[in-house]
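Asks: Attaching a single structure in structure tokens format; questions to follow.
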Amino acid sequence: MRPPSLDFAEFYREVKDDCLLAVVVSTGERDTAQDLVAEAFARAWASWPSVSRHPAPAAWVVRTALNAGVSRWRRRRREVAVPDLALIADRPAGGEAAGGCVDPGIMAALLRLPERQRQVVALRLFLDLDTERTARVLGIAPGTVQAHLGRAMASLRGELIPACQEENQA
Amino acid sequence: MNDDELITALRKQRGTVVMTTPVQQIISRGRTVRNRRRAPAAAGCLAAAAVVAFTVGVALPGSHPAARGPAASHPAGPTSVRLAAWTVTRQAGGNIKVSFRELADPAALQRTLRADGVPVSVTFTGRQNPACQPYSLPAGQSFWPYGPKPGPVSALGLGFRFTKPNLKNAYTTPPDELPALVISPSALPSGAGLEIFTLGNQGLQVMLVHVSPQCTGSSGS
């Protein structure tokens, strides 16, 4: 558990990128994800005395961002388009919003997973949450988390192995 | 590629997506969020202080000075302050915003909206007004503001499933905003009005209807 005196700026610096990656993977919308995560961190700051005592404040931020995304989607559902994998996965590295180099193959494979599997992968692997905590954040049973993770890993293996083989042959 | 290699490859993505928003910007937005959360409590205190002289309906948090509520129908007693069930605000551009706290006082809401030029029937009985006849839009026109042509009604912060009388539910977000309808009277098709009603347990519904004295209190132009 984090100490109650955890400094918000320090917390933000430590986890902002992992939270953003988790939300990007979960929502499949990169620019939207940045807005959602910023809003979630702002709400975290507004409730910092309680959020800082949360057993997993980063998970709180991600959950809040995902909830905000659902709300936004409900408000605009008639105009939401299917995520364009090319826009997310093939964005040039080092772009202003990106700031880094995403492996387009891995990101595209992640984005082809069903939403719940993406959320489980994001929380388990990018935020390092354990199964129990991931289950609590997503409101599902721990066994369901494991099942989603297992299916996600199987799908990703199927997608990434051929890509690796192609790279090796080249 | 085994599981460990796969997990390693996935975790290598950490740090490749960078959150560029400065922390100062986050904190600035956080202050706005916090102040907005505090506003209802402050407004509640103000209303409590003024309750001897005034009824509560007009002292609503975030209300525009032009906002009106069903004040007359909700006189607050000296020991209990009840915020108005809804607030009607005329916005710039002629739009009318109805913010809901509770699905109550349909007759007062209907009077208020009609006085603002909206031909409307409002019922919160769980059934539609039998005098109202659905209005079919011509092809290419939209009721909600999402289609090829902006429609006369939009909903803010709600999925239209809040149940009477408690508005709290998963669809009302963000938590510090009230669910609201924004009506653009000028965008209503000729001869069309609105019916705002509750239907069973499905919460609030809005549909286009033909204007008539029995339904919307006015005759078609």
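Asks: Averaged over A:27-34, how many beta carbons belonging to a partner chain fall within 10 Å of each residue's beta carbon?
Replies: On the way: counts 0, 0, 0, 1, 0, 0, 2, 5.
Average neighbour count from other chains, rounded to a whole number: 1.
Asks: Calculate the spin-label point distance for B:GLU5 paired with A:GLU14, positioning each point 7 Å from the Cα along the beta-carbon direction, and give it in nanometres.
Replies: Here the answer is 3.4 nm between the modelled labels.
Asks: With a 1.4 Å probe, how much accessible area is buried between chains A and B, both sides summed, in Å² to the nearest hundred? Walk me through the numbers on the way to the answer.
Replies: Numbers: alone 9840 and 12960 Å², together 18950 Å².
About 3900 Å² of accessible surface is lost on pairing.
Asks: Set Lys and Arg Cβ to +1 and Asp and Glu Cβ to -1, take the dipole of the stretch A:15-57 about its Cα centre, and tell me which of A:ALA40, A:HIS54, A:GLY28 lies farthest positive.
Replies: Checking the options against the dipole of the stretch A:15-57, the answer is A:HIS54.
Asks: Measuring from a point 7 Å past the Cα of B:SER186 along Cα-to-C-beta, which residues in the stretch B:91-135 have an amide N at less than 20 Å?
Replies: B:91-98, B:113-120
Asks: Provide the gained length on full extension for the span B:ASN95 to B:ALA131, in nm with one decimal, where the gain is 0.36 nm per separating residue minus the Cα-Cα distance.
Replies: On the way: separation 36, 0.36 × 36 = 12.96 nm, distance 2.62 nm.
Separation in residues times 0.36 nm, less the Cα-Cα distance, equals 10.3 nm.
Asks: Taking 0.36 nm per intervening residue step and subtracting the Cα-Cα distance, what contour gain separates A:GLN146 from A:ARG53 on full extension? Please report the intermediate quantities before stating the final value.
Replies: Values: separation 93, 0.36 × 93 = 33.48 nm, distance 2.69 nm.
Here the segment from A:GLN146 to A:ARG53 would lengthen by 30.8 nm.
Asks: Taking each residue in B:27-36, count the Cβ atoms of any other chain within 10 Å of its Cβ, then average. What number comes out? Intermediate values should be presented prior to the final figure.
Replies: On the way: counts 8, 2, 7, 11, 3, 2, 7, 6, 1, 1.
The shielding value for this peptide is 5.
The values are calculated or read from the model by the stated rules, or taken from the named source; none is laboratory data. What you see is a predicted model; the values in this text were computed from it and never measured. Don't worry about glycine lacking a Cβ; one is built from the backbone with ideal geometry, like all the others, and counts go over all protein chains shown. Side chains included, ligands, DNA and RNA excluded: accessible areas come from the protein's heavy atoms. Shrake-Rupley method; radii C 1.70, N 1.55, O 1.52, S 1.80 Å.
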